[in-house]
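> The structure's right below; bear with me while I get my questions together.
Each reported figure results from applying straightforward, stated rules to the coordinates on display, with no laboratory input. Note that the coordinates shown come from a computational prediction; the quantities given were computed from them, not determined experimentally. Neighbour counts are summed over all protein chains in view; Cβ atoms, including those assigned to glycine, are modelled from backbone coordinates with ideal geometry.
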Amino acid sequence: MNWLGLALLVIPVLICASHLGMGIVNWFSMQLFRPQSLPRMDYEQGIPPEHRTLVAVPTMLTSAAGIEHLLEGMEVRYLANRDPSLHFALVTDLVDADAEV
């Protein structure tokens, strides 16, 4: 058997073995550590001032029309989540230039 044939045989075997190994590790970890519920925060009455939150939306500025679209999206987010302790911000950057100056 040549090296190419051996490589073509070994690659699928390694892929199958890694999937099998991950399945076994996942099964053992589920047997050792049972899942637990995470604590919830109740904000039905609104977000308290001590839990003030800023939602940062990362974006790239590509055109004037794109900026208008981003501002409309911010308005939609604000109108859908009106809470005095919830703020929104665009974290923006310009696209890279075609040439270095």
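> Which value in deg cm²/dmol, rounded to the nearest 500, describes the helix-derived mean residue ellipticity at 222 nm for the chain, given -39,500 (n - 2.57) per DSSP H run of n ≥ 4 and division by the residue count?
-16500 deg cm²/dmol
> Right, next: Only counting other Cβ atoms within 10 Å, I'd like M74, M60 sorted with the fewest neighbours first.
In order of increasing Cβ crowding within 10 Å: M60, M74.
> Further question on the same structure: Kindly express, to the nearest 10 degrees and within the range 0 to 90, the angle between helix 64-80's C-alpha long axis and the longest C-alpha principal axis of the chain.
Tilt of helix 64-80: around 80 degrees.
> Can I ask one more? For the residues L38, L20, what sequence is obtained by ranking on other C-beta atoms within 10 Å, fewest first?
By the 10 Å Cβ count, ascending, the order reads L38, L20.
> Also: What are the ³J(HN,Hα) couplings of the range 17-30, residue after residue, when phi is run through the Karplus curve with 6.51, -1.76, 1.60 and θ = phi - 60°? Round to Hz, x for glycine and proline.
5, 5, 5, 5, x, 5, x, 5, 4, 4, 5, 4, 5, 5
> With a ≥ b ≥ c the root eigenvalues of the C-alpha gyration tensor of the range 1-42, is it rounded (a/c under 1.5), prolate (a/b larger than b/c) or oblate?
Because a/c hits 1.5 or more and a/b exceeds b/c, the range 1-42 counts as prolate.
> A follow-up question, please. Using a/c under 1.5 as the rounded threshold, could you call the range 49-94 rounded, prolate or oblate? The axes a ≥ b ≥ c are square roots of the C-alpha gyration tensor eigenvalues, and prolate needs a/b larger than b/c, oblate otherwise.
oblate
> Tell me the label only: which of (1) -0.51, -0.75, -0.95; (2) -0.35, -0.55, -0.80; (3) -0.80, -0.82, -0.91 is log10 I(q)/I(0) by the Debye sum over Cα atoms at q = 0.12, 0.15, 0.18 Å⁻¹ as calculated from this structure?
Correct label is (3).
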